[in-house]
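All of the numbers you see were taken from the coordinates with simple rules; none came from a lab. What you are looking at is a predicted structure, and each value in this text was computed from that prediction instead of being measured. Heads up, the Cβs are rebuilt from the backbone with ideal geometry, glycines too, and the neighbour counts pull from every protein chain shown.
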Amino acid sequence: MTRALPILTLILAALAGPSAALLAAPPQRGEPVLVIVPPTADADALLAAAGARPVGPLTAPLAVLATGDGEDLAERLLSAGAWAVRDGAVLARLCGA
């Protein structure tokens, strides 16, 4: 049990940097965005209401990569009910794409 705590601490420290970069990155105009949606929301309907469209065939339970036109895409997504909108390109780099 005494070895588990240092190992867990190292794992959490290794994950903290990329997570902080993802959460702090504002969306960039013309780039995909990571849309964090409430668990009860219909992500496709939320995107459609904001004039956005999903990127890729898969979505996560609380997030979807999306794209759309206009400088106010993030504001439209937030108005449609998204919890947060972040830079999707950062996520792609973290995943090695």
task: Could you check the simple spin-label distance between Ala41 and Ile11, using points 7 Å along Cα→Cβ, in nm with one decimal?
output: 3.0
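Suppose the chain between Trp83 and Arg29 were pulled fully straight at 0.36 nm per residue; how much longer would it get relative to their current alpha carbon spacing?
17.6 nm
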